[in-house]
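Heads up, the thing below is written out as structure tokens.
The values are calculated or read from the model by the stated rules, or taken from the named source; none is laboratory data. Just so it is clear, the structure is predicted and the values come from calculations on it, not from any experiment. Every residue, glycine among them, receives a Cβ derived from its backbone with ideal geometry; neighbour counts consider all protein chains shown.
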């Protein structure tokens, strides 16, 4: 029987690219995304005992990565007091097309469901596990977010 | 290409740093070290704490008993401490060990070194064992792994048939199922001096069944 450590290690190495892309979608910086994935890997091993069912290791690790990314964003926002950064951010925002801009500006929970559903092709049940929400919550959140983005996609 | 498809494409083409996975492996190894270092400290610490506790209590018990005896018995505890001073040992606790109470201390200290679960609620199902003669050491345990694993599989089959319980047994359909225990398997020794193998909830059976225990009959626990 594979140990929890073995399962977690295997998923971290096999799906590194996925975890990296998810982190990058939030922080938009290679160095920061790398840090986030490493921090998440550390926590996944250190707190391996908290993983109840090894079958759900992948979604459990996703949860850790997203949590790390979101708290990183919160900290970054707090520390951003210089007007220069805000100017830069505004200019960058103008360059982006409306849709890309809209996706960037989504709330973390909304961004999460979009990324996991349409970029990582996760099943709704998996997304519900990652977000620790019910399936119906995830469905309605997706539907609402698509309306917000004015997209006519299947939920 | 629609804008949405463009955005999806850009996501899928996010470049992955080539040294990323390698650096992550180092971080993972360090996490495992840090995590398990506490396990070792706790095990050593609890062993030392248990021994110390007995050693501390023993002189107290000796003193208490001699309080009922003749006055000459009162000299006993004083002798202990006098000798401690005469041997130049500033630590009276170590003297108590030298006074030959070591055997009693060892007998009362926890037996299994491979488990941290010594306070389970007694036997779940008594599998009808004869009077056991076991030398409970970690080496003996590792020699019996094959036999113990076979016994566990037998008991799992029995429980599944008789009680309708579900166990995860290794098969082609379920390669992660239980096949045999490892040397690091959690276990403890119960009052009948039998090995009790302990599985965390969700490892060999559905989590709802909670912690799973198997009592190994004495005749099985032989190399």
| query | If you check residue A:132 against the conditions, is it away from chain B (no Cβ under 13 Å), closer than 21 Å to residue A:18 by Cβ and in contact (Cβ under 8 Å) with a residue 40 or more places away in the chain? | reply | yes
| Which of (1) closer than 30 Å to residue B:54 by Cβ; (2) surrounded by 14 or more Cβ atoms within 10 Å (Cβ to Cβ); (3) modelled with pLDDT under 85 is the odd one out, the single condition residue B:122 does not satisfy? | (2)
| the stretch A:20-39 - residue that is in contact with a helix residue (DSSP H, G or I) (Cβ under 6 Å, 6 or more places away or on another chain) and more than 9 Å from every other protein chain (Cβ to nearest Cβ) and, of those, surrounded by the fewest Cβ atoms within 10 Å (Cβ to Cβ) | A:27
| request: Identify the residue in the stretch A:40-51 that is part of a helix (DSSP H, G or I) and more than 7 Å from chain B (Cβ to nearest Cβ) and, among all such residues, is nearest to the chain's Cα centre (by Cα). | output: A:40
| remark: Filtering the stretch A:1-33 down to residues that are touching a residue at least 40 places away in the same chain (Cβ under 8 Å), in a helix (DSSP H, G or I) and closer than 27 Å to residue A:76 by Cβ yields A:12, A:18, A:19, A:21, A:22, A:23, A:25, A:26, A:27, A:32
| Here are B:205, B:150, B:201: which of them is closer than 24 Å to residue A:51 by Cα and modelled with pLDDT of 85 or more? | B:205
| remark: Reported set for the stretch B:1-23 where residues are more than 47 Å from the chain's Cα centre (by Cα), part of a loop (DSSP other than H, G, I, E, B) and at pLDDT below 95 is B:1, B:2
| note | Selection from the stretch A:121-132 of residues buried (at least 18 other Cβ atoms within 10 Å of the Cβ) and farther than 10 Å from residue A:63 by Cα yields A:122, A:126, A:128
